[in-house]
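Working notes for the structure below.
What follows draws every value from the coordinates through simple rules; no lab data is involved. The model shown is predicted, which means the values in this text are computed figures rather than measured ones. With ideal geometry, Cβ positions are generated from the backbone for all residues, glycine too; neighbour counts draw on all protein chains shown.
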């Protein structure tokens, strides 16, 4: 009897071993995130623990039983920190897709490693997105889980994805900063479940208040291109800005890189002796103006992502006369942009971060055109997980000086002659924030389509 039991168990053991693959792909995937979503395409970036040949696999079924789509095969190599990128096109608009990786011919199988995104609809449509900035490196705050539970069409990070403040050991420091972000369970789950759009600010580009002269500028640009699933960049040269645009319905999002080309103004006391520029060159600023005009002529409204505060002058709290980081130190360039917006009647609003508050202005305090005529609604949303810093203002709808907060933007577009926007400030529990006067942080407005 004992012998029979021994033989039976041995047979089971042999059967089990014969049906277990030599390689388990789940063990090799460190992270994957999606971005650059359009109505027919999406991009992905991922990291493994070893070299491999990889394809991105997507399906309209969560169990991957129908409508399978495959990316081109890419090689993951050690010299690239075991990272690579892939993309999919010819997708169907307004469709949920699930995705996973095929590593050396084997699919990852764990549910936690399966990602999800939804393609944009074609033409006018209504949706919600979430945006925010400023999180400690690798933060595991509940705020990221709450953002995921809101189920937005996409998450827009307007800067300071991490606070590495890199100024040396550049290549490895940037790689480690991105990897630290993905080691957060709440962040990695968010970025698998919701596609990202992302433009840096100072702490994730270089040190505090960093500009073009940052020691690690070139490596920062390379790291962004290598590790981020971004939209097509506006410029092709290696050290050009990482500015980019994308359309979601009839809203054109213009993500401006105001760090890698920034040249600070110079002062003698409070007297500015040399003008600065956030855009850094006529080419960059001209591109921005062209995007504004194209949006108007294409019957779209503009969501301009400007990481730094636009409202910054003598009225602002903690304003300094020798300002060299916010728009208050770049008055000529700001006035030129405001005059352009007024002259061409650009339907635009600003989404911003940097300042560690959540604040809304309806345009009452943001008009810097000569003689007025360019009031721009502005929504600051920060910090995701950081301390409070108040910059800019005044803000017509006040501010919230808490932490773990973010902005919800709901776009209502039925195809008529206007696009309507609703802004709401939310905390880490998904509750509506109140401002410094106790009123709810909400604001609604519409922009006319020309």
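Each of 108, 355 was scored by other Cβ atoms within 10 Å of its Cβ. Listed from fewest to most, they are 108, 355. Computed from the Kirkwood radius of its Cα pairs, the Stokes-Einstein diffusion coefficient for the chain at 37 °C and 0.692 mPa s stands at 143 µm²/s.
Taking Cα centroids, how far is segment 125-199 from segment 301-360 in Å? One Cα centre to the other: 24 Å. Applying 1/(1 + (r/R0)^6) with R0 = 30 Å to the Cβ-Cβ distance of residue 151 and residue 238 gives a FRET efficiency near 0.20. One Cα centroid belongs to segment 30-107, the other to segment 228-265; the line between them spans 24 Å.
Just to verify a number: FRET efficiency for residue 450 and residue 110, C-beta to C-beta distance, R0 = 45 Å, to 0.05? Efficiency computed from Cβ-Cβ geometry: 0.35. Taking the helices alone, the chain has a mean residue ellipticity at 222 nm of -6500 deg cm²/dmol, built from -39,500 (n - 2.57) per DSSP H run of at least 4 residues and averaged over all its residues. Note on the chain: with a GNM built from Cα contacts shorter than 10 Å, the maximum mean-square fluctuation among 253, 198, 344 falls on 344. What's the FRET efficiency of residue 67 with residue 122 using the Cβ-Cβ distance as r and R₀ = 22 Å, to the nearest 0.05? According to the calculation, E is roughly 0.75.
Considering only the Cα atoms of segment 25-116, their convex hull presents on average a projected area of 5.3 nm². Post the alpha-carbon centroid distance, segment 202-221 to segment 381-450, in whole angstrom. Cα centroid of segment 202-221 versus Cα centroid of segment 381-450: 28 Å apart.
Residues within the reach of a label modelled at residue 314 (point 7 angstrom out along Cα to beta-carbon, backbone nitrogen below 20 Å), restricted to segment 341-375, are 364-373.
Spacing of the modelled spin labels on residue 94 and residue 420, each 7 Å from Cα toward Cβ, amounts to 1.9 nm. Per the Debye formula on identical point scatterers at the alpha carbon atoms of segment 317-450, with no solvent, log10 I(q)/I(0) at q = 0.16, 0.19 Å⁻¹ is -0.87, -1.14. Between 164, 220, 439, the Gaussian network model of the chain with springs among Cα atoms under 10 angstrom shows the greatest mean-square fluctuation at 439. With neighbours defined as other Cβ atoms within 10 Å of a residue's Cβ, the residues 431, 335 order from fewest to most as 431, 335. Among beta bridges identified by DSSP and lying wholly in the chain, the antiparallel ones come to about 75 percent. Kirkwood hydrodynamic radius of segment 386-450, from the reciprocal of the average inverse Cα-Cα distance over all distinct pairs: 13.3 Å.
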